[in-house]
1. State which residue pairs qualify: first residue among the basic types (K, R) and inside segment A:174-189, second residue surrounded by fewer than 24 Cβ atoms within 10 Å (Cβ to Cβ) in any location, beta carbons under 6 Å apart, and separation of 6 or more residues or different chains.
2. Search segment B:49-62 for residues being more than 9 Å from chain A (Cβ to nearest Cβ) and in contact with a strand residue (DSSP E or B) (Cβ under 8 Å, 6 or more places away or on another chain), and hand back the single one that is nearest to A:E146 (Cα to Cα).
3. Going by the structure shown, is A:T116 surrounded by fewer than 21 Cβ atoms within 10 Å (Cβ to Cβ), within 11 Å of chain B (Cβ to nearest Cβ) and either closer than 21 Å to B:G65 by Cβ or touching a Lys or Arg at 6+ places or on another chain (Cβ under 6 Å) (or both)?
4. On the basis of being within 14 Å of chain B (Cβ to nearest Cβ) and touching a strand residue (DSSP E or B) at 6+ places or on another chain (Cβ under 8 Å), does A:S125 make the cut?
5. In segment B:130-157, what residues are assigned to a helix (DSSP H, G or I) and of a type in the set (A, V, I, L, M, F, W, C)?
6. Considering (1) over 20 Å from A:K142 (Cβ atoms); (2) within 9 Å of chain A (Cβ to nearest Cβ), say which one B:G65 fails and leave the rest.
7. Can you tell me which residue in segment B:153-177 is nearest to the other protein chains (Cβ to nearest Cβ), limited to those that are under 18 Å from B:V24 (Cα atoms) and under 11 Å from the mean Cα position of the chain (by Cα)?
8. From the residues in segment B:309-324 that are of a type in the set (A, V, I, L, M, F, W, C) and in a loop (DSSP other than H, G, I, E, B), which one is nearest to B:Q221 (Cα to Cα)?
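The values are calculated or read from the model by the stated rules, or taken from the named source; none is laboratory data. Because the structure is predicted, anything quoted here is derived from the model rather than measured. We place every Cβ from the backbone using ideal geometry, glycine too, and count neighbours over all the protein chains shown.
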Amino acid sequence: MGERGVRSDASALLSREQLLDLYRWMRLTRTLEERLVALYRQTKVVGGLFRSLGQEADSVGSAYALERRDILSPLIRNLGSMLVKGATPVEILKQYMAKADSPTRGRELNIHFGDTERGFIGQISPLGDMVCVMAGVTLTFKIRHEDRVGLVYVGDGATSTGAFHEGINFAAVQRCPLVVVVENNGYAYSTPVSRQTAAKQFVDKAIGYGIPGEQADGNDVLAVYDVTKRAVDRARRGDGVSLIELMTYRRKGHAEHDNQSYVPDGEIERWERENDPITRYVARLTGEFGFMSGDIEGVDERVRRVVDDATDVAERSELPQALDALVGVYADPPAARPLWFREGSSGVVDVHERADGWGTFKTSNETH
Amino acid sequence: MAEVTYLEAIREALFEEMERDVNVMCLGEDIGAYGGAFKVTDGLLDKFGETRVIDSPISEIAIVGAAAGAAHMGMRPVVEMQFIDFVANAYDMLTNYVATARYRAMLPCPMVVRGPSGGYVRGGPFHSQNPEAGFVHTPGLKVVYPSTADDAKGLMKAAIRDEDCVLFFEHKYLYRRVKAEMPAGDHVVPIGKARLAREGRDLSIITYAATVWKSLEAAEQLEKEDGLSVEILDLRSLAPLDDEAIQATVRKTNRALIVHEDTRTGGLAGEITARINESSFAWLDAPVLRVTAHDVPLPYAPSLEDYVLPQVADIVRAARTLAAY
C-alpha cells in the first residue's frame, strides 16, 4: 500500500516527552531482559527465558498506538508491549521466579499473564489461539458499542495454525475492531519463514480475508507506531480488522537454551551491527529530534534504578505454599480436596498392623 | 401446563436466560436465520437480534475462542456445536485455553458449549458420538448430560449462570422422544447433583443420558420376570460427579452396575468403578460391572449400530449376572 510520503504520519504529532517515552520503554525492555539473563544464570529463574532482543521496537511502537482502554494480547516476545500497557518490572521478575505473589501465583511461566483492567490478556502456549480469543473480546466491544480496540500479536509461525485462520476470518466477517500484528522475525523456533509458508509475504494473506494489510519496518519504532495507529484508527472508526506485518529479526534463540545452530553464519551479527532498533532510534533522537546524549543517559540511569529496585523486591518474595496448588480451578468449589495419601495419617498402612506374611516372599531361585 | 419436549425445554431455557440477562448471547453455525440444524435455537434471532444470535462461519476453534474472549469481558456466551462430534475441532481451545483460564490467569470464563450428542439414530461415525469423557478428564470444565426434559431446562439455566465453562450434552435421540411438564417459575437444577430415577433394593444402576431410559425399561422387565428391585441413579452431572449419591445407592443395594453409551475403555464407568472401590469396597457384595458401547467407531447400518451400543437386553443380562453373585 505504498503511500509513504503522501500521508501525514501520526508520529509527527508525538510530543518530545512521548518520543523519549518510546525510548524509555525499549530501554526498559532490554535492561529488564538483561537482568533476567543474570538471574537465569544464577538459577533464580525457574523455567526458560525468552528474549526479545532486537524486537523491542515492534512491541513498544505497536502498543504505544493504543489507548489505555484498549486491550492487547502479547506473545512471548512482547515484553515491551506489556510494559507499555502497565505491567511492572517487579511483576515480570516475580513471574519468572515463580513467586507466591507473582501475577499468576506461581501457576504460569514467564510473561504469560494478563490484567483486563490494565488492558492485556495473557497468551497460552498453543499458538494462534489468542486471535480467536481477541476476536471475542473485540466482538464484545462491538456489541456494547464501546469505543475500544483490540490488538493481537502472532509470529510468522502462528500464521500456519488453524486458530489464526479461523480467528481472523471470524473477526473479519463480524467487522470486529481488531488489529492483527504478524511479527515476522525470521524464525519459528528453528524453522525459517521459507519452511512456514509459500506466500511471498505474510501481508498478502490479508487479501484472502477481505481486509487491508500493510507491511512496515519492525525495527523502526516510529514506523511501527504509524502503521499500527492507522489500523487502530480504522478499527475505532468501525471499519473492522486490519493485518500488519512487521519485519524484524530474532537475535536470540527461541529460548535461552537454544544455540541457534540453524542460523547462517554472520546473520545475527549483521542485524546487530546494522539494524538494532534501539541504536537506530537513539541516532534519530540525537539527530533529527535534537535530544542531547545526556537525555538518553538519564533515561538509561533511571531504568537501571527501576530494574535494580524491582529485583530487590522480587527476590525477597517467597515461593507459593504447596496447598495453593488446589485453589481456584473453579469458582465453585473454590478449592480441590487433597488426595487421601496427602492427608495426615489416614492411610491403610498407617492404621493396620503389618501382616505376618509381609517381607517373607522368596523367588524360586533363592534357596537356602 | 402442557408438556414440552426435551428439545423445546432447552429452547425455553435459552429464551428465558436471554430475557433475564442481556449478556447472554448465542453463537454457532446456522443457529440464527435457519434456527439450528435441529431447530433448538429457532425463533431466537427474531426475538433477540443478530448481535446476540450470531451465525458463524464453520469455525469451531474461532467460536469457542471468541466465546472465551467475550466471557472475559462479561458476556455469557452459549456456543452451539452443530453436532457435538465437531467439538473435537475445538479441543485445544477448550482444554488448553478455557479450562485453565481461571486457574492460570484468574480470568473467568463463564460460557456454555452445547450440542446434539449420542447415537441410536443411525447417524454414523460423525453424528453419534459421546465425547464427554475427555472433558470430564480436564480440570476446569464442568460437564452435564441430562436425560429428562425438565432437567434439560433446569440444567441449561444453571449452566448459563455458572461462573465457569459448562459443556452441555444434549441427547438427540431424546430431543423429541421425551416430554415433561415444566416446573413453574425459575426452574434451575443445580450442577453436581444426581437424581434418583427409580427406587429399588436389590441392585443399583448408575447411568446418564439415553441409557437412563434403557435402564428404566430393563428395570421393569427385571421386576416382572425376576422379582428384582432395581434402583436407578441418573447422574445428570458428569463433572463434578455426585459422589454422595453414588455412595448412598451403592451402600444401600450393595451391588452396582454402571451403564453408558460411550465406548468402554477410558469411559466414565471406569472412573465411577474406581470411586466405588475407594469409598465403598466394604459394602459391596459383588464386583462392579459395566455395560457400555463396544470400543469401535459408531457404524451406520442399524444391525451394526444396535450391536455396538448398549441395549435393554444387555442391561437385563448384566443385572441378572450381578444379582446372582
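1. As it stands, the answer is A:R175/A:G240, since those pairs meet every condition given.
2. Only one residue tops the list, namely B:V53.
3. Judged against the criteria, A:T116 is a match.
4. In short, no.
5. B:A133, B:F135, B:V136, B:A149, B:A152, B:L155, B:M156
6. (1)
7. Result: B:V166.
8. B:A324
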